[in-house]
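The values are calculated or read from the model by the stated rules, or taken from the named source; none is laboratory data. Here the structure is a predicted model, which means the values were calculated and not measured. Virtual Cβ from ideal backbone geometry, glycine too; neighbours counted across all protein chains shown. Calculation scope for accessible area: heavy atoms of the full protein, side chains included, ligands and nucleic acids excluded. Shrake-Rupley method; radii C 1.70, N 1.55, O 1.52, S 1.80 Å.
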Amino acid sequence: MSTKANLESLPRSLNAVLAVGFLALAVFPFVGTDFYAQVVARMMILAIFAMSLDLLLGVTGLVSLGHAAFFGLAGYTLAFVTPQGEAASLWWTLPASVGASALAALVIGFFVVRTKGIYFIMVTMAFAQMVYYLFFDNKVLGGSDGLYVNFKPKAVLFDLENKTAFYYFVLAMLLATYLFLRRLLFSPFGRALAGIRVNEHRMRAIGFGTFGYKLAAFTLAGGLAGLAGYLWAAQTGFVNPELMGFHMSAHAIMMVILGGMGNFAGAIVGAFAFEWLLHFFQDLPAVGSFQTGKHWQLWMGLFIVLVVTFASRGLMGAAARILARKEQAHE
Amino acid sequence: MDVSNFLIQLLNSVQYGLLLFMLAAGLTLIFGIMGVVNLAHGSFYMLGAYLAWSLSSLTGSFTIAVVGGALLSVAFGLLLERLLFRHFYDRDHLDQVLLTFGLIYIFEESRSLLWGDDVHGVTIPSLLSASIPLTDTMSYPVYRLFMSGVCILLALGLYFLISKTRLGMKIRAGAFNRDMTEALGVNIKFIHAIVFAIGVALATVAGMIASPISSVYPNMGSQVLIMCFVVVVIGGIGSVRGALISALLVGFVDTFGKVLLPQVAGMLVYMLMAAVLLWRPEGLFKQ
């Protein structure tokens, strides 16, 4: 469905910028305050979430409007398996949470992947909303108030309760996810997914079982969204149905679009930019008696409408255009 | 469940189904004819309910509120089509999703600024506030029958407009082949604006007539939007007939689910959707 040009191979200069960015993230806890380190950790978690969606949106061309379901499910899994009075081990709660999300994505994917285009959008949203109401309406599952994760998971070598340890763990997960997805993008599997985006009929005609490929992508994306959800629940110590809500899914789409689709680096940039923007709108000073920051939804809405009307390839697309022009000028 | 209780639930399910149909018909028309997926469709439903509350407390008359609200919503629909939607007919679904998601934010916050975040009630007009006795012990509120009546009238009107009038012929031709229709001298931009305004008006009127029994509250739009999606997915997009049958089906499953299987009632409609997807991924009546 999405036929927009995807920027799969990043220009060399952009890769360099990205490496510098990762380096900056690595030294940030030494130069920034504790508070901002936590804000950045949160942005990195959302970047993992955005990358997982990009696998569907930018690579395979599947516009999922229910991706937050898998993000939230992993968070809830951590809340369920963490005992009331002590921390649970990272080594098994992480695989369990990611596995639960991947399993849910496999089951839901079995139904949604049969559909195309507009149907896919509506069906993914409907299933996510079903999961949302399942948790929202059931007191046993926490209801509308959500659940607390009283103790962050811990491992033999480090304890996520320690803020610096948590920060570096998230950074490691971000880097690992990025490298894994980049690798995947240029593997035969990734090429098949990209082929499905461009022309699914042709892929089927030359012998690819596109249903299986799409289901695998959906499951993998669900599992990675689960990784992000697990980290989110560990950081905030709290899960509620809003994590699986429609707004969360739509925000993830916005992050991917804002950054630029199909290359995962864009998703990271987009997640950081979107979160920054959200804080920016919420912190706007009052004008007279008008609480400008309180009405951030209005500014966000206007911003989204403007972006979609005028900018099509996102920040990475714009950066690549500028850098490519410079590189040409040098040669 | 005795006979009179069954009858009441049946009437309720038909009434809910018809209400869903009004919403889903607009959604499916706008998609079928213009190719636009409109996530903000639920916001028009919400707008209707707030308009009904605001206008009826202002004028003291529910009738004036509904008629005035319908006219306002048509004007609003035409304006919105002209300013925004017109530029998105040829864009891909992803852009439309984002545009209409942005609009949801704008509508929600505007609603909050204009009307606040409280829950409001709309009084049933005195003419329609009676109940009709069904049996010795059970009676049925007239207002719910009135709601069903309005929905049926609008559905018939829509059917007549699309299949019997000259304008309807142009609408169908435009949906089938836009370029060819335009080449034959039909003003397709005008047709699109009309269809969009009809869709907006249907959703707004649905919100207005539902307001006395559902009350008026902030999240009402998004809840109804999901149900509309389920209806459209089951019925097959672009098919107004499919929307009618599947809306009645969803209304039936939802209403009786709540009575007979309250523990899983919330899931039943989605299970129905999943079953239809397995059987026919393009819906029951894909055009």
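Any residue at all in segment B:254-274 that is within 19 Å of B:Tyr16 (Cβ to Cβ), open to solvent by 70 Å² or more (accessible area, probe 1.4 Å), among the hydrophobic types (A, V, I, L, M, F, W, C) and within 19 Å of the chain's Cα centre (by Cα)? There is no residue in segment B:254-274 that is within 19 Å of B:Tyr16 (Cβ to Cβ), open to solvent by 70 Å² or more (accessible area, probe 1.4 Å), among the hydrophobic types (A, V, I, L, M, F, W, C) and within 19 Å of the chain's Cα centre (by Cα).
Of the listed requirements (1) out of contact with any Pro (no Cβ under 8 Å at 6 or more places or on another chain); (2) surrounded by 18 or more Cβ atoms within 10 Å (Cβ to Cβ), A:Gly146 misses just one: (1). Restricted to segment A:217-331, the set of helices (runs of 4 or more DSSP H) holding at least 2 residues that are under 30 Å from A:Val81 (Cβ atoms) comprises A:246-259, A:265-282. Could you tell me whether segment B:84-99 includes any residue that is touching a strand residue (DSSP E or B) at 6+ places or on another chain (Cβ under 6 Å) and in a helix (DSSP H, G or I)? No, the conditions are met nowhere in segment B:84-99. Among the residues of segment A:80-103, those that are open to solvent by less than 10 Å² (accessible area, probe 1.4 Å) and modelled with pLDDT of 90 or more comprise A:Thr93, A:Ser97, A:Ser101. Considered as a group, the residues in segment B:225-244 that are assigned to a loop (DSSP other than H, G, I, E, B) and surrounded by 23 or more Cβ atoms within 10 Å (Cβ to Cβ) include one that is modelled with the highest pLDDT, and that residue is B:Gly236.
Looking only at residues in segment A:104-120 that are surrounded by fewer than 18 Cβ atoms within 10 Å (Cβ to Cβ), in contact (Cβ under 8 Å) with a residue 24 or more places away in the chain and not basic (Lys, Arg), the one that is farthest from A:Ala217 (Cα to Cα) is A:Gly117.
Test A:Asp137 against the criterion of being charged (D, E, K, R) and more than 10 Å from chain B (Cβ to nearest Cβ), and give yes or no.
no
B:Val230 meets each of the listed conditions (1) within 15 Å of the chain's Cα centre (by Cα); (2) within 21 Å of B:Arg144 (Cα to Cα) apart from (2). Residue check: is A:Ala87 touching a residue at least 60 places away in the same chain (Cβ under 8 Å), assigned to a loop (DSSP other than H, G, I, E, B) and closer than 30 Å to A:Val156 by Cβ? Yes; evaluated as a whole, the condition is true for this residue. Out of curiosity, is A:Leu323 in contact with a Gly (Cβ under 6 Å, 6 or more places away or on another chain) and either in contact (Cβ under 8 Å) with a residue 12 or more places away in the chain or open to solvent by 50 Å² or more (accessible area, probe 1.4 Å) (or both)? For A:Leu323, the condition - in contact with a Gly (Cβ under 6 Å, 6 or more places away or on another chain) and either in contact (Cβ under 8 Å) with a residue 12 or more places away in the chain or open to solvent by 50 Å² or more (accessible area, probe 1.4 Å) (or both) - is not met.
Is it fair to say A:Ala47 is in contact (Cβ under 8 Å) with a residue 60 or more places away in the chain, over 30 Å from A:Arg114 (Cα atoms) and either open to solvent by 20 Å² or more (accessible area, probe 1.4 Å) or in a helix (DSSP H, G or I) (or both)? For A:Ala47, the condition - in contact (Cβ under 8 Å) with a residue 60 or more places away in the chain, over 30 Å from A:Arg114 (Cα atoms) and either open to solvent by 20 Å² or more (accessible area, probe 1.4 Å) or in a helix (DSSP H, G or I) (or both) - is not met. For the condition open to solvent by 10 Å² or more (accessible area, probe 1.4 Å), within 23 Å of B:Ile106 (Cα to Cα) and modelled with pLDDT of 90 or more, B:Ile194 does not qualify.
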